[in-house]
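Down below is the structure, laid out as structure tokens.
The values are calculated or read from the model by the stated rules, or taken from the named source; none is laboratory data. Because the structure is a prediction, the values reported are computed rather than measured. Cβ placement follows ideal geometry from the backbone for every residue including glycine, while neighbour counts extend to all protein chains displayed. Keep in mind that these areas ignore ligands, DNA and RNA; they rest on the heavy atoms of the full protein, side chains included. Shrake-Rupley method; radii C 1.70, N 1.55, O 1.52, S 1.80 Å.
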Amino acid sequence: MQILFREIRENPLLWMLVFVPIVLVAEAAVPHSHTLLFVLAVLAIVPLAALLSHATEAVAAKTGDAVGGLLNATLGNLTELIIAITALRAGQYMLVKASIAGAIVTNAVFMLGACLLLGGLRYHVQEYNRAGARLSSGLLLMATVALLAPSAVADLEHLPQGGAILNTLSLGISILLIIAYALGLWFSLVTHKELFASADHGDDKEAHWPIGVAVGTLLVVTVLVALVSEIFVESVQKAAETFDMSPAFVGFIVVSLVGAAAEFAVAFAAARKDRLDMAVSIALGSASQIALFVAPALVLLSYVVGPKPMDLQFWPGAVTMVMIATVTSAYITASGRSAWFIGALMIFIYAVFALTLYVVPPAGQG
């Protein structure tokens, strides 16, 4: 505990942890002040993400960047999964689908681009393991094709009305995606793990926390993030009306950025330390995990906790953005080398997506 308290005392960003009890108290005292709760929840998630960053780095130092990246992507996506399940129970399927598509685009384009930009501003040229990037890109491309299949056939005239066919197709695709994700983990962590070893060029001379402190912090912070995420998703819709944002924009941009805050903190720190293997692993690994595990898991959970089964039919704009993001990330990471301008270009692509979705929301939401 002394190590943890010293870290909080020396890091001004962690002083914002005071917002965690504040938002929990505010939720009990003024549950209908949605805009206030929304702002407080965002302020609380940021320092929790920073704390999660330190703990995950300590675990990654013991396990290696490949496992560390997988661990961080999993913990980061746990936040997004909790947010999506809460929206699923409320029947807000547009918010759920927007958060799925937005998380894929945010991780594959914005997070990856920001990592390349931040690392490139400190190092002239950075290199990383192409095998890991190719695996994540390949998994993401396969998952994207699978996720887009229901949208591609949804408008066929001979399909019966009612959505039963799309629900059956989405259920089958979800099972296939989860199997593919499990095989990908087996390939990268067991049968061919030597291909994904990180290059030893990181600037990482600082002392890490003991493994016990790191694991304990991970567990506690994950629970706190889950609690704050519940408050966030309950207030985000009403707060969006105050800021004149559509449900699609909220899910695609706001929920994705806030939900991935923990991953951002770790990936950006790794890129600045020239540990681009870990940064790329987090960005692309998280995007592929959303597509291969989180999205199909939500489809399966909708049969249990949702008012009706959820399918994987997205609106045309989301389909286009996800495909562009997947192809762009695969093309960018094919060389295994990067510089700051490549990251800047990817951030501009994300900005175009966000501006388009804000100005021209999907049909029925404008």
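Structure data summary
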quantity: Pairs with Cβ under 9 Å, 6+ apart, first in the stretch 344-362 and within 10 Å of Phe252 (Cβ to Cβ), second assigned to a helix (DSSP H, G or I) and of a type in the set (Ser, Thr, Tyr); calculated: none
quantity: Residue that is nearest to Ile104 (Cα to Cα) [pool: residues in the stretch 327-366 that are hydrophobic (A, V, I, L, M, F, W, C) and not in a helix (DSSP H, G or I)]; calculated: Ala334
quantity: Test result for Leu147, in a helix (DSSP H, G or I) and at pLDDT below 85; calculated: yes
quantity: Flag for His158 being open to solvent by 50 Å² or more (accessible area, probe 1.4 Å), modelled with pLDDT under 80, farther than 24 Å from Leu78 by Cα and touching a strand residue (DSSP E or B) at 6+ places or on another chain (Cβ under 9 Å); calculated: no
quantity: Criterion (in contact with a helix residue (DSSP H, G or I) (Cβ under 8 Å, 6 or more places away or on another chain), open to solvent by 10 Å² or more (accessible area, probe 1.4 Å), in a helix (DSSP H, G or I) and on the phi < 0 side of the Ramachandran plot) met by exactly one of Ile100, Ile83, Ile178, Ile165; calculated: Ile178
quantity: Residue under evaluation Met310, criteria (1) surrounded by fewer than 18 Cβ atoms within 10 Å (Cβ to Cβ); (2) touching a Ser or Thr at 6+ places or on another chain (Cβ under 7 Å); (3) not small (Gly, Ala, Ser), criterion not met; calculated: (1)
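To keep it simple, each residue is scored yes or no on (1) open to solvent by less than 40 Å² (accessible area, probe 1.4 Å); (2) at pLDDT 80 or above.
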| position | (1), (2) |
| --- | --- |
| Thr191 | no, yes |
| Gly202 | yes, no |
| His208 | no, no |
| Ala214 | yes, no |
| Thr217 | yes, yes |
| Thr222 | yes, no |
| Ala226 | yes, no |
